[in-house]
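**Q** Quick one: the structure is below, and I'll ask about it shortly.
The values are calculated or read from the model by the stated rules, or taken from the named source; none is laboratory data. Being a predicted model, the structure only gives us computed values, none of them experimental. Heads up, the Cβs are rebuilt from the backbone with ideal geometry, glycines too, and the neighbour counts pull from every protein chain shown. What goes into the accessible areas is simple: the full protein's heavy atoms, side chains included, and nothing from ligands, DNA or RNA. Shrake-Rupley method; radii C 1.70, N 1.55, O 1.52, S 1.80 Å.
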Amino acid sequence: QAIMLAVMKKLTYDEEYNFENEGEDEAMFVEYRKQLKLLLDRLAQVSPELLLASVRRVFNTTLQNWQTTRFMEVEVAIRLLYMLAEALPVSHGAHFSGDVTKATALQDMMRMLVTSGVSAYQHTSVTLEFFETVVRYEKFFAVEPQHIPTVLMAFLDHRGLRHTSPKVRSRTAYLFSRFVKSLNKQMNPFIEDVLNRIQDLLELSPPENGYQALLSSDDQLFIYETAGVLIVNSEYSAERKQVLMRNLLTPLMEKFKVLLEKLMMAQDDDRQMALADCLNHAVGFASRTSKAFSNKQTVKQCGCSEVYLDCLQTFLPALSCPLQKEVLRSGVRTFLHRMIICLEEEVLPFIPSASEHMLKDCEAKDLQEFIPLINQITAKFKTQVSPFLQQMFMPLLQAIFEVLLLPAEENDQSAALEKQMLRRSYFAFLQTVTGSGMSEVIANQGAENVERVLFTVIQGAVDYPDPIAQKTCFIILSKLVELWGGKDGPVGFADFVYKHIVPACFLAPLKQTFDLADAQTVLGPECIQYLQQEYLPSLQVAPEIIQEFCQALQQPDAKVFKNYLKV
């Protein structure tokens, strides 16, 4: 007990702690608190009953007189309650069932926390600890739901989202989102009231000088997600949900159109950037509301498909804006990723036009971020998008090759890394196409183009010192051999296998960057026969070496195998 009380005392902030400008000393104390927490956890293993009783005593004494108690003592009392959740662990946060003594003690402390009025304490550390603790013990509100309105008001007024401290507002935005999600159906009686109260926090901050919004755009993402969750999880009819979702998203769409027009006319670089950022935030907010849906089924059930299709039609024109392309494309791309999940095939009519715009005047980073979108579409819709893939396959590859062939400064490591990442993305795209049963998309590009693509894969497997790309290339080659290696494969492919793919399998492991232990090479008897009778003799390798080599291939040991390869 003496150790426990000493730990509790040591957890307390001192007078010098600077909450507004945390420096090295503050960071050291935060780290020290983590060590004390571990000690408290160990003490809990020795005597959980003693810890619970000690915390309860400190907590009750402090909260009964919080108005006249120093902030650091109030903060540590709430902090100890917060720490009990990990010191006395249970599965799925079920602290308020099972062990009656423990459940009763925690329930009593939580009741006192939310009814004592301590959320109004005028210190940021106490305010934040209050919100952290109510979110950690969200299961308490399933047992005593009558306290939900009290806590919601604390979140929504000057104690939380409208606090004078930006740090408190920011953290509360995240915690509020978690709190609402955890309560789920228990939020039903309060939905419209909450939506009305957060209305001003949803406003898209215009990039005009002097306007200071309460929340940053990152914090607003949580508020939009919360609004989406409230609407989707409500027990309202599909018609009512659609109305509420439209009310939420229409102001964003209207603002977006106005801001896009302003951007088109903006002359000043800073002004253009500020407008583009604001447009990007609008798209991001709309995208974030869709996180409330798990798939197309829930979007349809809520009658919200039409609203999101309207958003798509509103946002896509930004792709043809010649200014601030990188920022605008990034936002729209993210929205498309979400819509593929939420709207599924309803999004397909928009993809060709969007892709065409995103392939114009693009740089390595643009392409690198665009390819995962195409991969997502290919993997999800497979043959449904075959005509689209056939059409955009070579334009995409052309754009990739152009960027990869651009000369770069010898010591420009950033440009070299961008090209390496783009190369990986390109190979990942080919892997998705071949792995999704769409190899005919490559086969139908004409013999010259097919050959060019195949040679880039051989190059990736052998010449580039990038194990990740090499592995992808060998997966592609393996898949193509499996699909095209028979009699029905493209004309000349069997020849290509023996002239280029088989040699690649032996040249690649000789590279210093190649990890042979990871190669997992399995060679069939036909291949070994080809090596023994044609390929190795053509390299003027002595017959006895060929014989030993082919025996080693059938029982490969990494070191022996590599030595034979060198020979």
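**Q** Just to confirm my filter: which helices (runs of 4 or more DSSP H) fall fully inside region 137-191 and include at least 2 residues that are in the same structural domain as Gly93 (by the TED database), polar (S, T, N, Q) and at pLDDT 95 or above?
**A** 166-183
**Q** Can we say Glu73 is of a type outside the set (Val, Ile, Thr) and either under 26 Å from Ala120 (Cα atoms) or surrounded by 15 or more Cβ atoms within 10 Å (Cβ to Cβ) (or both)?
**A** In short, yes.
**Q** Return the only residue of Lys10, Lys34 being open to solvent by 80 Å² or more (accessible area, probe 1.4 Å), of a type in the set (Lys, Arg) and touching a helix residue (DSSP H, G or I) at 6+ places or on another chain (Cβ under 6 Å).
**A** Being open to solvent by 80 Å² or more (accessible area, probe 1.4 Å), of a type in the set (Lys, Arg) and touching a helix residue (DSSP H, G or I) at 6+ places or on another chain (Cβ under 6 Å) holds for just one of Lys10, Lys34, which is Lys10.
**Q** Name the one entry in Glu261, Glu225 that is surrounded by fewer than 22 Cβ atoms within 10 Å (Cβ to Cβ) and not in a loop (DSSP other than H, G, I, E, B).
**A** Glu261
**Q** Select from region 486-497 the residues that are exposed (fewer than 15 other Cβ atoms within 10 Å of the Cβ) and either at pLDDT 80 or above or of a type in the set (S, T, N, Q) (or both) and list them in ascending order.
**A** Matches in region 486-497: Val491, Gly492, Asp495.
**Q** Would you please list the contacts, defined by Cβ atoms under 7 Å and residues six or more apart or on different chains, that run from a residue in region 23-41 that is over 15 Å from Thr12 (Cβ atoms) to a residue that is among the charged types (D, E, K, R) and open to solvent by 40 Å² or more (accessible area, probe 1.4 Å)?
**A** Filtered contacts from region 23-41: Asp41/Glu86.
**Q** So, in region 328-345, of the ones that are of a type in the set (Val, Ile, Thr) and closer than 20 Å to Cys302 by Cβ, which residue ends up surrounded by the most Cβ atoms within 10 Å (Cβ to Cβ)?
**A** This residue is Ile340.
**Q** Helices (runs of 4 or more DSSP H) wholly in region 376-461 with at least 1 residues that are hydrophobic (A, V, I, L, M, F, W, C) and closer than 21 Å to Asp361 by Cβ - which ones?
**A** Because the criterion is at least 1 residues that are hydrophobic (A, V, I, L, M, F, W, C) and closer than 21 Å to Asp361 by Cβ, the helices (runs of 4 or more DSSP H) in region 376-461 that meet it are 386-405, 413-435.
**Q** Which one of the conditions (1) closer than 17 Å to Pro395 by Cα; (2) open to solvent by 20 Å² or more (accessible area, probe 1.4 Å) does Ala364 fail to meet, given that it meets all the rest?
**A** Against the list (1) closer than 17 Å to Pro395 by Cα; (2) open to solvent by 20 Å² or more (accessible area, probe 1.4 Å), Ala364 comes up short only on (2).
**Q** Further, regarding this structure: With the structure loaded, tell me whether Ser425 is at pLDDT 90 or above, of a type in the set (Gly, Ala, Ser), in contact with a Ser or Thr (Cβ under 8 Å, 6 or more places away or on another chain) and closer than 26 Å to Ile377 by Cα or whether it fails that test.
**A** So Ser425 fails the test.
**Q** Do you know which residues across region 293-327 are in contact with a Lys or Arg (Cβ under 9 Å, 6 or more places away or on another chain), open to solvent by less than 40 Å² (accessible area, probe 1.4 Å) and part of a helix (DSSP H, G or I)?
**A** Ser305, Val307, Tyr308, Thr314, Ala318, Leu319
**Q** Considering only residues that are aliphatic (A, V, I, L, M), open to solvent by less than 70 Å² (accessible area, probe 1.4 Å) and either in contact with a Lys or Arg (Cβ under 9 Å, 6 or more places away or on another chain) or without any contact (Cβ under 8 Å) to a residue 40 or more places away in the chain (or both), which ones fall in region 243-258?
**A** Matches in region 243-258: Val243 only.
**Q** Let me ask something else. Say we look at region 125-147 and pick out the residues that are among the β-branched types (Val, Ile, Thr) and closer than 19 Å to Ser97 by Cα; which of these is most open to solvent (accessible area, probe 1.4 Å)?
**A** Here the answer is Val143.
**Q** Continuing with this model, one more query. Identify, please: which residue in region 346-356 is of a type outside the set (A, V, I, L, M, F, W, C) and more than 22 Å from Pro322 (Cβ to Cβ) and is, among those, surrounded by the most Cβ atoms within 10 Å (Cβ to Cβ)?
**A** Ranking the candidates gives Glu346 first.
**Q** If you don't mind, another one. Do you know which residues across region 436-450 are surrounded by fewer than 15 Cβ atoms within 10 Å (Cβ to Cβ) and in contact with a helix residue (DSSP H, G or I) (Cβ under 8 Å, 6 or more places away or on another chain)?
**A** Residues satisfying the conditions are Gly437, Asn444.
So that you can scan it fast, the table gives a plain yes or no per residue for (1) under 24 Å from Thr115 (Cα atoms); (2) open to solvent by 90 Å² or more (accessible area, probe 1.4 Å):
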{"site": "Asn21", "(1), (2)": "no, yes"}
{"site": "Met28", "(1), (2)": "no, yes"}
{"site": "Ser54", "(1), (2)": "yes, no"}
{"site": "Thr61", "(1), (2)": "yes, no"}
{"site": "Gln64", "(1), (2)": "yes, yes"}
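One line per residue, one yes/no per condition, for (1) farther than 22 Å from Met8 by Cβ; (2) touching a Lys or Arg at 6+ places or on another chain (Cβ under 7 Å):
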site	(1), (2)
Gly98	yes, no
Thr101	no, no
Ala105	no, yes
Arg111	no, no
Thr115	yes, no
Ala120	yes, yes
His123	no, no
Leu128	no, yes
Val143	yes, no
